[in-house]
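A.B. asks: Dumping the structure here so I can ask a few things about it.
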Amino acid sequence: MFMEATYEDWARSDRYHNSFLLTKDEELDKVLKYSGEKGLMNISISPAQGKYLNLVAKSLGVRRYLEIGTLGG
């Protein structure tokens with residue numbers, strides 16, 4: 001029988017995989033803390049999503065790109 005994954009299942013999977021893929025980023029932590037202190041909404045992509053976008057751009061040989069909506073970053 002197939003069971004649908006819940007939000008908590010995906011969150012648990014993200015935490016597990018990210019523990020191997022992501023290192024501590026003190027600069028990012030400072031930016032997120034400052035953004036929160038200034039009342040900016042927490043709508044940024046996750047560090048894992050950022051790494052994935054970086055990997056895709058490098059894989060495609062992208063040399064220049066434009067990010068729209070950096071919010072606090």
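Since every read-out is calculated from the coordinates, none of them should be taken as a lab result. As the structure is a prediction and not an experimental result, all values here were calculated from the model. Here Cβ is always computed from backbone atoms with ideal geometry, including for glycine, and neighbour counts include all displayed protein chains.
A.B. asks: Top mean-square fluctuation among Gly61, Gly36, Gly50, Gaussian network model of the chain, C-alpha springs under 10 Å?
C.D. replies: The residue that fluctuates most here is Gly61.
A.B. asks: Per the Kirkwood definition applied to all pairs of different Cα atoms, how many angstroms is the hydrodynamic radius of the chain? The partial results should precede the final answer.
C.D. replies: Numbers: mean 1/r = 0.0674 Å⁻¹.
One decimal place: 14.8 Å for the Kirkwood radius.
A.B. asks: Counting each DSSP H run of 4 or more residues in the chain as -39500 (n - 2.57), what helix-only mean residue ellipticity at 222 nm follows after dividing by all residues, to the nearest 500 deg cm²/dmol?
C.D. replies: On the way: 3 runs with 40 residues, N = 73.
When only DSSP H runs of four or more count, the value is -17500 deg cm²/dmol.
A.B. asks: Looking only at trypsin sites (Lys or Arg not before Pro) in DSSP loops with at most 10 other Cβ atoms within 10 Å, what is the longest site-free stretch of the chain? The partial results should precede the final answer.
C.D. replies: Numbers: sites that count: Lys24, Lys38, Arg63, Arg64.
Between the exposed loop sites, the longest stretch runs 39-62.
A.B. asks: Give, rounded to the nearest 20 debye, the magnitude of the charge dipole that the chain has about its Cα centre when Lys and Arg contribute +1 at Cβ and Asp and Glu contribute -1 at Cβ.
C.D. replies: On the way: 10 positive and 10 negative charges, 76 e Å.
I would put it at about 360 debye.
A.B. asks: Where in the stretch 1-72 are there GluC sites (Glu not before Pro) that are in a DSSP coil and have at most 11 other Cβ atoms within 10 angstrom of their Cβ?
C.D. replies: On the way: sites: Glu4, Glu8, Glu26, Glu27, Glu37, Glu67; in loops: Glu4, Glu67.
Answer by residue number: Glu4, Glu67.
A.B. asks: Scan the stretch 1-60 for chymotrypsin sites (Phe, Trp or Tyr not before Pro) in coil per DSSP, keeping those whose Cβ has at most 14 other Cβ atoms within 10 Å, and list them by number. List each step's numbers first, then the result.
C.D. replies: Details: sites: Phe2, Tyr7, Trp10, Tyr16, Phe20, Tyr34, Tyr52; in loops: Phe2.
Those satisfying the criteria are Phe2.
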